[in-house]
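The values are calculated or read from the model by the stated rules, or taken from the named source; none is laboratory data. For clarity, every value in this text was computed on a predicted model and none was experimentally measured. FYI the Cβ positions are ideal-geometry reconstructions off the backbone, even for glycines, and counts take in every protein chain you see. To get the accessible areas, we keep the full protein, side chains included, count just its heavy atoms, and leave off ligands, DNA and RNA. Shrake-Rupley method; radii C 1.70, N 1.55, O 1.52, S 1.80 Å.
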Amino acid sequence: MVNRKSGTQLARLSLLLAMGAASCAFAQAPPAAPIPAAPVQSTSAPLTMQQAVDLAMVQNPTLLAARQNLFAVKAQEIQAGVRQNPYFALSGSNLTEAEYFNNPYGLTLGVGRLFERGNKREWRLDSARSTTAETDAQLRLTEQQTIYAVRQAFTNFIIAKAAKKLADDNLADYRKELGISSDRYKAGDLAKLDYERLDLQLAQFESDESNAITAAQQASDQLQVLLGFDKPSSGFDVTGDVVPPPLTLTQDDLEQKALTARPDLKAAQAAVDVADAQVKLAVANGKADPTVEADYNRTGTENSFGFSLNVPLRIFDKNQGNKETARFTAQANRFAVTAAHNQVVSDVDQAYSGYINSKILSDRYNGHYLDESKDVLDIARFSYEHGGLALIDYLDALRDSRSVASDALNSYQQTWLAIHQLSFVTATNIAP
């Protein structure tokens, strides 16, 4: 007679949830040496989600490239602030023919400079600084996108590890149960058909384990790439909660956070400042810039000084086309701010709705379906072992329990991803 097994898949999952973390590495090998990176971060100890985010902020190559781009844009402020260079001119005449033609030689030295009118330098600086502010906001958006990707990959790894742990325990327990059934079959207490059907079920547990190993390895590699490692390490590990936490913030609170912190909204607002500065610069470029020159002339033994003033006559070209373009661009950017504002509110509403629905489902699994599925499987096993249930009904109960356990993990994963989505659309970390 077969004893009731306490180590079923649902019991294992319940134990895993009670522990509140999936801290067992999916690989049995000891932690490897840290992957060379800049800077190098030891991976000998499992990383928490915040540690993973902090590491990505330091050495994710996409972020490093975006920061260098910001430095390049900011360097344009230096160029925008430079003043017009003066120029020096030197010319001579009759230097070799003077004695033959009785013409005195001539030498002219000149210095000149163009003077900008209309505060062109000021508006160039204003435009460059506004562009830097816009680029900085775009960098913050890239950072938020990277953090979002890291949190998603981290959660996928945590869930994949939990699924592998569950698959390992299920396979080990079923092999023990199958061993007992084999003894019953050899003793004549179990029909050959029933034993072979039970043996065929082993393939499902082995398939679950194989798929879980692959999923865990892929999730680990994906996360390590985001953290800036040039080659994934088999010793890399993370630790974190499987069951998602409840959120205390209301939808209105989240909307206010998003409107305050969203970098894409700030970038749109900075684009308006850039456009306004371009309008002022276009108006200034319509003003004529005089060029003042001073000359020293020596002809033979005679010295003389002079000056000149050149002022372009802006009769036809007053930069009127660029002025109109700049004004319409500025107005378009103001509409873009309104669109960005509306998109922020919509993003928060959609993400909050996704969180609420996924949290309701995950709470049902955590507080009801898992326990109920465990009871059903225990009763079915006990009834089958005592001859009160057909084998096909027992196998159905076994498949249902595996399905419920897998669906529970999926619901936890979806809830976590919804939380990360909310953090992304609000540009804050809302997880407790």
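Some notes on this structure:
- Selection within the stretch 99-134: residues that are among the charged types (D, E, K, R) and over 18 Å from residue 279 (Cα atoms). The member of this set that is least open to solvent (accessible area, probe 1.4 Å) is 113.
- Pairs with Cβ under 7 Å, 6+ apart, first in the stretch 382-397 and within 15 Å of residue 191 (Cβ to Cβ), second assigned to a helix (DSSP H, G or I) and among the basic types (Lys, Arg): 391/197; 394/381; 395/197
- All positions within the stretch 127-181 that are of a type in the set (Val, Ile, Thr) and more than 30 Å from residue 81 (Cα to Cα): 146, 147, 150, 155, 158, 159, 180
- So residue 393, is it acidic (Asp, Glu) and at pLDDT 95 or above: no
- With respect to the stated conditions, residue 137 is surrounded by 18 or more Cβ atoms within 10 Å (Cβ to Cβ) and among the small types (Gly, Ala, Ser).
- The set of residues in the stretch 233-274 being open to solvent by less than 10 Å² (accessible area, probe 1.4 Å) and β-branched (Val, Ile, Thr) consists of 238, 242.
- Residues of the stretch 419-431 that are open to solvent by 10 Å² or more (accessible area, probe 1.4 Å) and under 15 Å from the mean Cα position of the chain (by Cα): 421, 424, 427, 428, 429.
- Test: residue 400 is open to solvent by 20 Å² or more (accessible area, probe 1.4 Å), modelled with pLDDT of 90 or more and not basic (Lys, Arg): no
- Inside the stretch 181-230, residues that are outside any helix (DSSP H, G or I), among the hydrophobic types (A, V, I, L, M, F, W, C) and closer than 30 Å to residue 148 by Cα make up a count of 2.
- Long-range neighbours under 9 Å by Cβ, at least six apart or interchain, first residue under 18 Å from residue 281 (Cβ atoms) within the stretch 295-322, second of a type in the set (Lys, Arg): 314/287; 318/287; 319/287
- Any chance residue 152 is farther than 30 Å from residue 378 by Cβ, in contact with a Pro (Cβ under 9 Å, 6 or more places away or on another chain), of a type outside the set (Phe, Trp, Tyr) and open to solvent by 50 Å² or more (accessible area, probe 1.4 Å): no
- The stretch 353-390 - residue that is over 26 Å from residue 196 (Cα atoms) and small (Gly, Ala, Ser) and, of those, modelled with the lowest pLDDT: 367
- Among residues of the stretch 173-195 that are under 19 Å from residue 396 (Cα atoms), those with a Cβ under 8 angstrom from a residue that is open to solvent by less than 80 Å² (accessible area, probe 1.4 Å) and outside any helix (DSSP H, G or I), sequence gap 6+ or separate chain, pair up as 173/5; 173/7; 173/8; 177/2; 177/5; 181/2; 181/190.
- Considering (1) acidic (Asp, Glu); (2) within 36 Å of the chain's Cα centre (by Cα); (3) buried (at least 16 other Cβ atoms within 10 Å of the Cβ), the lone condition that residue 293 does not fulfil carries the number (2).
- Qualifying residue in the stretch 73-95 (condition: exposed (fewer than 15 other Cβ atoms within 10 Å of the Cβ), of a type in the set (Val, Ile, Thr) and not in a loop (DSSP other than H, G, I, E, B)): yes
- Filter pass, residue 230 being of a type in the set (D, E, K, R) and open to solvent by 40 Å² or more (accessible area, probe 1.4 Å): yes
- First in the stretch 49-64 and closer than 10 Å to residue 146 by Cα, second anywhere and outside any helix (DSSP H, G or I), Cβ under 6 Å, 6 or more apart: 56/227; 60/228
- Criterion (open to solvent by 80 Å² or more (accessible area, probe 1.4 Å) and either of a type in the set (Asp, Glu) or in contact (Cβ under 8 Å) with a residue 24 or more places away in the chain (or both)) met by exactly one of 375, 349: 375
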